[in-house]
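Here, each number is a calculation from the coordinates, and none is a lab measurement. Fair warning: this is a prediction, and the values are worked out from it, not measured in the lab. Every residue, glycine as well, gets a Cβ built from its backbone with ideal geometry; the counts of neighbours run over all protein chains shown.
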Amino acid sequence: MNESIDSVILAQLREIVALWPAHETILPKQMHDLVAKDFELVDLTNRVSAVVAPSRIESIGELASVEFRDADGTLQRAVFRQSTEDGKWRMRSLKFQCPVCFGTGSNDGDICIGCDGSGWGAA
Ligand SMILES: [Zn+2]
């Protein structure tokens, strides 16, 4: 993992979380250029307040993901994608770890109904 990508991703994550709406589910103007065009607006219902103890930054090609804990201890995962147009990293999604299956996507061999098998966010 490239050190400079790590620091770029973390700085961007902190900037976005600082702007994250507390109640609205409308993308704030200041966030427009920080998120990807296909950013899932439903993720704004995920109440994120702080970036505590970021860990597991992984990047594969044009995608990078980082896991961190919110102030309340919830594990969160943000996915970023690097633009092929201007080289900037923009947030693709920010989802909490499913509290039913703890990110595995299944329970006792069945697809988790909490997250529909994705392990992150709500179904
Ligand atoms: Zn689940």
Next item on the list: Name the residues whose placed amide hydrogens come within less than 5 Å of the amide hydrogen of ALA36, ignoring near sequence neighbours (fewer than 5 apart) on the same chain.
Entry: MET91, ARG92
Item checked: Percent breakdown of C-alpha pair distances by 5 Å bin, ordered from the shortest bin, for the chain -> 2, 11, 21, 23, 20, 14, 6, 2, 0
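Ranked by Cβ crowding within 10 angstrom, fewest neighbours first, how are ASP43, ASP116, ASP38 ordered?
ASP38, ASP116, ASP43
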Item checked: Size of electric dipole in the chain: Cβ of Lys, Arg +1 and of Asp, Glu -1, about Cα centre, debye, nearest 20 -> 220 debye
Notebook entry, point to check: Any idea how far apart ASP38 and SER4 come out in nm if each label point goes 7 Å out from Cα toward Cβ?
Noted result: 2.8 nm
Next item on the list: List the trypsin sites (Lys or Arg not before Pro) within the stretch 1-108 that fall in a DSSP loop (any state other than H, G, I, E or B) and whose Cβ has at most 16 other Cβ atoms within 10 Å.
Entry: LYS37, ARG47, LYS88
Checklist line | Helix 3-19 axis, angle to the chain major axis (alpha carbon atoms, nearest 10°) | finding: 80 degrees
Note to self: Could you tell me how far the Cα centroid of the stretch 10-44 sits from the Cα centroid of the stretch 45-96, in Å?
What the structure shows: 11 Å
